[in-house]
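Undergrad: Questions regarding the structure given below will be posed in turn.
The values are calculated or read from the model by the stated rules, or taken from the named source; none is laboratory data. Here the structure is a predicted model, which means the values were calculated and not measured. Heads up, the Cβs are rebuilt from the backbone with ideal geometry, glycines too, and the neighbour counts pull from every protein chain shown. Each accessible area value is taken on the protein alone, full model and side chains, heavy atoms only, with ligands, DNA and RNA left out. Shrake-Rupley method; radii C 1.70, N 1.55, O 1.52, S 1.80 Å.
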Amino acid sequence: MGRGVRGAGPTSRLLPLLLLLRLARGGAAGEPGADGLDVCATCHEHATCQQREGKRICICNYGFVGNGRTQCVDKNECQFGATVVCGNHTSCHNTPGGFYCICLEGYRATNNNKTFIPNDGTFCTDIDECEVAGLCRHGGRCMNTPGSFECYCMDGYLPSNGSEPFHPTTDATSCTEILTKINDVSVFNDTCVRWQMDSERIDSKIVYVISIKGQRLDPIESVHEERVKVTTDSRTPEVCLTLYPGTNYTVHISIAPPRRSVPAVIGFQTAENDILEDDGIFNISIFNETCLKLNRHSKKVGSEHMYQFTVLGQRWYLDNFSHATSFNFTTRERVPVVCLNLYPTTDYTVNVSLLRSPKPHSVQITIATPPAVKQIISNISGFNETCLRWNIIKTVDMEEMYLFHIWGQRWYQKEFVREMTFNISTSSQDPEVCLELHPGTNYNVSLRALSSELPVVVSLTTQITEPPLPEVEFFMVRGGPLPHLRLRKAKERNGPISSYQVLVLPLVLQSAFSCDSEGTSSFFSNTSDADGYVAAELLAKDVPDDAMEIPIGDRLYYGKYYNAPLKTGKDYCIILRITSEWNKVRRHSCAVWAQVKDSSLTLLQMVGVGLGSMAVVIILAFLSFSAV
């Protein structure tokens with residue numbers, strides 16, 4: 001009896017050991033629910049229980065990340081930055097499981113709502129405060145800026161605090177009208193007048209009004225009244241008037257409205273002219289930039305004269321440009337006016353000769369025409385991403401020079417700034433040019449025809465291209481432990497780097513694998529052992545600048561992907577993939593890091609198995625000792 005009782009003892013004591021072995025076996029297999037627990041009952045409040053490959057697992061709801069059981073935290077989309085998530089000129093506000101966007105002050109949403117989520121195409125556009133009349137008060141002109149506006153004083157006004165620009169909502173600056181004084185009026189060369197302009201500010205050309213009134217006893221044209229306008233930006237203007245000899249004149253000089261000035265008055269008498277016959281002498285004055293006034297010295301009235309005009313124009317910036325014309329002009333007027341049809345931004349030499357005169361006389365003058373105010377570039381558009389085409393309003397087959405000023409920036413790479421300036425010449429009516437632009441960049445292109453005053457500005461955005469190949473050292477492993485993957489950060493040369501992925505594929509799939517494939521799923525989503533899976537995903541911001549190491553098969557989650565252990569005896573190909581994503585375009589580059597043939601346990605798995613075996617041996621020894 002005693003022996004029978006003693007024989008039953010070890011059997012009862014081995015039951016806990018068998019239970020421990022069963023638990024160890026189930027844990028090593030990594031099977032959720034093998035311990036008999038109801039997995040769905042352990043799901044986090046922000047998780048949902050789902051059936052995957054015959055197993056029940058907890059998956060965090062949309063907008064939350066975690067392991068589904070003990071942790072499901074808010075994803076916080078705003079951590080990527082308001083510009084990335086919501087667009088330019090926005091602020092991002094996180095909410096549990098979601099987010100919303102608000103336009104910054106000075107901007108409004110295109111859907112006219114205060115808050116929005118940009119998946120419907122809504123973005124923030126600048127509010128043009130300058131549409132409100134009188135925003136800059138009297139004498140000020142408004143200039144819109146991104147998110148705000150600035151005020152400048154108009155020509156003829158000065159800021160009260162002496163500085164520009166200013167903002168009337170933050171200071172009391174206003175614009176004060178300048179009252180211009182005309183001083184030191186004098187006469188030279190008998191019929192010419194000069195003066196000085198006393199003003200603190202000259203931003204543009206000033207229009208002067210010169211009123212002439214003359215009287216003499218000569219019965220011919222005894223009264224001479226005339227009104228002349230002169231436009232100049234000189235501080236010491238001068239003008240030669242067409243006056244009669246031997247005449248008493250009063251000349252009033254003032255500035256044309258809307259400016260105000262203190263007018264100046266001067267009186268003088270022109271010298272007598274004893275020339276009674278036609279001596280062929282005349283002089284020329286220029287007005288309105290392209291018009292000529294021919295002033296004859298003869299007193300003979302009513303005689304007909306013929307002038308010959310020879311015009312030759314060239315542009316300093318074009319070798320093949322030439323504009324030549326000649327014509328005759330017949331008139332009985334003593335002071336005829338001739339306006340020439342000249343091209344803008346051109347240097348002209350004009351020779352005027354008096355024909356059929358007893359004493360032939362010629363006068364040569366030069367005229368430099370200013371750029372045209374009217375825009376001659378139209379229908380500018382982009383094609384092939386980096387090319388521009390446009391139409392030009394000009395004479396057919398006439399060469400034109402175009403000046404390009406290109407400025408490029410990247411929001412994701414603050415140190416990147418690219419600026420280029422160059423010019424091209426062409427006689428085409430529909431020019432085209434392709435620019436050397438970097439990928440993944442926003443560009444502003446300023447294009448100006450040198451014969452025109454104002455440029456045309458167009459924006460171009462280049463798409464991203466494949467990121468640089470991953471810098472990894474290739475390993476061939478045959479039945480031995482697999483080293484750690486050393487991950488180095490890639491440079492953002494062709495666009496912003498978004499993420500890094502570690503892909504585990506059966507070795508037979510390596511030759512058929514496409515780096516652009518989006519079908520690779522997580523370990524728990526595979527339908528068979530023949531499918532590859534994503535073992536780890538790291539956002540670019542989480543990768544340090546030096547390097548980091550990833551143990552393959554460490555049973556941890558990287559992002560939303562489970563880094564599962566490799567199965568013993570299987571052949572694998574392990575690939576590192578870099579993803580670049582921008583403006584709804586995604587590009588990839590891949591490199592094979594390792595080929596594993598007849599895989600064995602990794603270093604981390606070997607340590608785990610060794611510790612587990614040691615624990616089993618200790619438990620068996622303890623139970624055997626207790627049974628004695």
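Undergrad: For the stretch 90-148, which trypsin sites (Lys or Arg not before Pro) pass both filters: DSSP loop (anything but H, G, I, E, B) and at most 16 other C-beta atoms within 10 Å?
TA: When the trypsin sites (Lys or Arg not before Pro) of the stretch 90-148 are filtered for loop state and at most 16 Cβ neighbours within 10 Å, Lys114, Arg137 remain.
Undergrad: With an 8 Å Cα cut-off and a minimum separation of 6 or more residues, compute the relative contact order for the stretch 29-117 in percent.
TA: Computed over the stretch 29-117, the figure is 16 percent.
Undergrad: Right, here's the next one. Long-range amide H contacts for Gly147: which residues qualify at under 5 Å (H placed 1.01 Å from N, peptide plane, sequence gap of 5 or more or a different chain)?
TA: Answer set, sorted by chain and number: Ile127.
Undergrad: Roughly how many debye, to the nearest 20, is the charge dipole of the stretch 401-455 about its Cα centre, given +1 on each Lys and Arg Cβ, -1 on each Asp and Glu Cβ, and no other charges?
TA: Rounded to the nearest 20 debye, it is 220 debye.
Undergrad: In nm, to one decimal, how far is the modelled label at Glu385 from the one at Glu581, with both set 7 Å along Cα→Cβ?
TA: 1.9
Undergrad: Positive end of the charge dipole of the stretch 113-184 (Lys, Arg +1 and Asp, Glu -1 on Cβ, about the Cα centre): tell me which of Thr170, Thr180, Phe149 has its Cα farthest that way.
TA: Thr170
Undergrad: Round to the nearest 0.05 the FRET efficiency obtained for Glu238 and Asn351 when R0 = 25 Å and r is the Cβ-Cβ distance.
TA: Between Glu238 and Asn351 the formula returns 0.55.
Undergrad: How many angstrom separate the Cα center of the stretch 63-113 from the Cα center of the stretch 475-496?
TA: Cα centroid to Cα centroid, the span is 32 Å.
Undergrad: Also: Rounded if a/c is under 1.5, else prolate if a/b beats b/c, else oblate: with a ≥ b ≥ c from the C-alpha gyration tensor eigenvalues square-rooted, which is the stretch 361-429?
TA: Prolate, since a/c reaches 1.5 and a/b exceeds b/c.
Undergrad: As an exercise, use a Förster radius of 35 Å and the Cβ-Cβ distance of Met154 and Gln269 to find the FRET efficiency, rounded to the nearest 0.05.
TA: Here the calculated transfer efficiency is 0.30.
Undergrad: Considering the options Ser427, Thr345, Tyr412, tell which one lies farthest towards the positive end of the dipole of the stretch 325-461, charges being +1 on Lys and Arg and -1 on Asp and Glu at the Cβ, about the Cα centre.
TA: Thr345
Undergrad: Need the list of aspartates and glutamates near Lys541 for cross-linking: C-alpha distance under 15 angstrom, and skip anything on the same chain fewer than eight residues off.
TA: Partners within reach: Glu77, Glu492, Glu581.
Undergrad: A further question follows. Cross-link list Lys75/Lys567; Lys55/Lys597; Lys213/Lys293: which exceed 21 angstrom alpha carbon to alpha carbon?
TA: Among Lys75/Lys567; Lys55/Lys597; Lys213/Lys293, the Cα-Cα distance tops 21 Å for Lys75/Lys567; Lys55/Lys597.
Undergrad: So which lysines pass the test for Lys394, namely a Cα distance under 24 Å, with those fewer than 8 places away in the same chain ruled out?
TA: Leaving aside lysines fewer than 8 places away in the same chain, those within reach of Lys394 are Lys374.
Undergrad: Would you mind working out the accessible area per residue for the stretch 322-371, using a 1.4 Å probe, and quoting it in Å²?
TA: Counting only protein heavy atoms, the per-residue value for the stretch 322-371 is 57 Å².
Undergrad: I need the phi-derived Karplus couplings for the stretch 93-99: 6.51 cos²θ - 1.76 cosθ + 1.60, θ = phi - 60°, integer Hz, Gly and Pro marked x.
TA: Using θ = phi - 60°, the values come out as 10, 7, 10, x, x, x, 6 Hz.
Undergrad: I'd like the FRET efficiency for Ala547 and Lys229, computed as 1/(1 + (r/R0)^6) with the beta carbon distance as r and R0 of 56 Å, rounded to 0.05.
TA: It comes to 0.15.
Undergrad: Could you calculate the contour length gain from Leu454 to Ser428, that is, 0.36 nm times the residue separation minus the distance between their Cα atoms, to one decimal place in nm?
TA: 7.4 nm
Undergrad: Something else about it: Per residue of the stretch 315-326, what does 6.51 cos²θ - 1.76 cosθ + 1.60 with θ = phi - 60° give for ³J(HN,Hα)? Whole Hz please, x for Gly and Pro, Karplus curve as stated.
TA: After applying 6.51 cos²θ - 1.76 cosθ + 1.60, I find 10, 5, 9, 10, 7, 9, 8, 7, 10, 10, 7, 8 Hz.
Undergrad: Where the accessible area of the stretch 471-528 is counted over protein heavy atoms with a 1.4 Å probe, how much of it, in %, is carbon and sulfur?
TA: 51
Undergrad: For the stretch 78-191, with all protein chains present and a 1.4 Å probe, just round the carbon and sulfur fraction of the accessible area to a whole percent.
TA: So the carbon and sulfur contribution to the accessible surface is 51 percent.
Undergrad: For the stretch 403-486, with every protein chain kept in place, what is the accessible area per residue (1.4 Å probe, Å²)?
TA: 54
Undergrad: When a/c reaches 1.5 or more, the comparison of a/b and b/c decides; with that in mind, is the stretch 356-514 rounded, prolate or oblate per its Cα gyration tensor?
TA: prolate
Undergrad: Write down the accessible area per residue of the stretch 97-147 in Å², having rolled a 1.4 Å probe over the full set of protein chains.
TA: 62
Undergrad: If you don't mind, another one. Karplus couplings for the stretch 556-563 from phi (6.51 cos²θ - 1.76 cosθ + 1.60, θ = phi - 60°), rounded to Hz, Gly and Pro as x?
TA: 10, 8, 10, x, 9, 10, 8, 8
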